[in-house]
Amino acid sequence: MNLTDANLTGNTTWFKEYSAKSAFNMTSLLPADWQKVVDTFKKNDTLFQEFYRYYNKLHVTSSCDDACKKSMICDLQTARSSDPSLCKDDFFGDVTKLRKQQALC
């Protein structure tokens, strides 16, 4: 939805922003396929930044830097944003030192 247009015209037009399967070349949306995508994010910053744009509903004012990327991938990989101790490989280093509290709004 284009909020500016909706406010100006009083008409709401919904549209699909993206398809995860198409955007990330996935065969399904099963957990194993998401794990492959998350592993690809570690190596492919362009693809990760595209995910970050979608995550922010295509309204990104700046790219996600290295600390942001590692923290977000840790959250995606573990599904536990409150427990970065599960991210234990060379990609993350000490993710607990990189983590910043992200504002939800």
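The values are calculated or read from the model by the stated rules, or taken from the named source; none is laboratory data. Source: prediction; values computed, not measured. Heads up, the Cβs are rebuilt from the backbone with ideal geometry, glycines too, and the neighbour counts pull from every protein chain shown.
Do you know which residues across region 39-77 are among the aliphatic types (A, V, I, L, M), at pLDDT below 95 and farther than 22 Å from Met1 by Cα?
Of all residues in region 39-77, those among the aliphatic types (A, V, I, L, M) come to 47, 58, 60, 67, 72-73, 76.
Okay, now just the ones that are also at pLDDT below 95, so 58, 60, 67, 72-73, 76.
Passing the criteria: Ala67, Met72, Ile73, Leu76.
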Quick count over region 10-25, residues being outside any helix (DSSP H, G or I) and surrounded by 10 or more Cβ atoms within 10 Å (Cβ to Cβ), is 6
Selection from region 56-75 of residues farther than 18 Å from Lys43 by Cβ and of a type in the set (A, V, I, L, M) yields Leu58, Val60
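Output the number of residues of region 26-73 satisfying the condition of being assigned to a loop (DSSP other than H, G, I, E, B), touching a residue at least 12 places away in the same chain (Cβ under 8 Å) and hydroxyl-bearing (Ser, Thr, Tyr).
Taking region 26-73 and keeping what is assigned to a loop (DSSP other than H, G, I, E, B), we get 26-30, 44, 56-65.
Cutting the leftovers down to touching a residue at least 12 places away in the same chain (Cβ under 8 Å) gives us 57-58, 63-64.
Among the residues that remain, those that are also hydroxyl-bearing (Ser, Thr, Tyr) are: 63.
Selection size over region 26-73: 1.
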